[in-house]
1. Which one of 171, 117, 105 is loosely packed, with under 11 Cβ neighbours inside 10 Å and at pLDDT 90 or above?
2. Quick check on this structure: which one of 59, 80, 40 is among the charged types (D, E, K, R) and free of Cβ contacts under 8 Å to residues at least 12 places away in the same chain?
3. Taking the condition of a type outside the set (Lys, Arg), surrounded by 11 or more Cβ atoms within 10 Å (Cβ to Cβ), more than 20 Å from residue 168 (Cβ to Cβ) and free of Cβ contacts under 8 Å to residues at least 40 places away in the same chain, does residue 99 pass?
4. Within the stretch 47-63, which residues are in a strand (DSSP E or B) and either surrounded by 14 or more Cβ atoms within 10 Å (Cβ to Cβ) or small (Gly, Ala, Ser) (or both)?
Amino acid sequence: MSKNTILTLIAVVIGCGIISIIAYYVIRSMKGSIKLFLQRTAFNPGETITGNFDLNVKRPIQGNKLTASLIGVQTTTTRRNGKTETHSHEIYRNEQLIEEAKEYSAGHSAKHEFQISVPNTGAPEFMNSALGQVLTAASFLLTDRRTEIKWKVEARLDAKGVDLAASTRVSVNIG
């Protein structure tokens, strides 16, 4: 293959990726939206996150479940030989079920309130949890690694086809 053919192929793949992402968000916005509101965004262990969200449906949606969640994602960045690698995976999820499976009609609009507990790092059972073990292991990592936990509160309508979701980053003072 010539250099021009390879560049053309790369441009087509990138273009298709961008079009796919745009199409996803257009389809999602045509179904409706969720707007999330939190009273505050910084929390200590054992506190309760209080918030609400507005669900607005533009087209009929078959919902599997409607939830509000506190999610912790561990991100580890490793620098070795001039290269940087980043790995992320979810290590914590506290999910509150707001509504079970339900058909939402076009024009449906509702406000939902929720309360989610922040993990209590002072509790004895905490250190045996997955999050407690990750935090303990993170304190022993070598200096060429950086591990952090990114937190967010998410409201999600898990639906047939494209989900509706909104999230807000929060700070959780774990240690």
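The values are calculated or read from the model by the stated rules, or taken from the named source; none is laboratory data. Since this is a predicted model, take the numbers as computed values, not measurements. Cβ atoms come from the backbone with ideal geometry, glycine included; neighbour counts cover every protein chain shown.
1. Numbers: 171 fails: loosely packed, with under 11 Cβ neighbours inside 10 Å; 117 fails: loosely packed, with under 11 Cβ neighbours inside 10 Å.
Unique residue meeting the criteria: 105.
2. Working: 59 fails: free of Cβ contacts under 8 Å to residues at least 12 places away in the same chain; 80 fails: free of Cβ contacts under 8 Å to residues at least 12 places away in the same chain.
So the residue among 59, 80, 40 that is among the charged types (D, E, K, R) and free of Cβ contacts under 8 Å to residues at least 12 places away in the same chain is 40.
3. Values: of a type outside the set (Lys, Arg): yes; surrounded by 11 or more Cβ atoms within 10 Å (Cβ to Cβ): yes; more than 20 Å from residue 168 (Cβ to Cβ): yes; free of Cβ contacts under 8 Å to residues at least 40 places away in the same chain: yes.
Yes.
4. 49, 51, 52, 53, 54, 55, 56, 57, 61, 63
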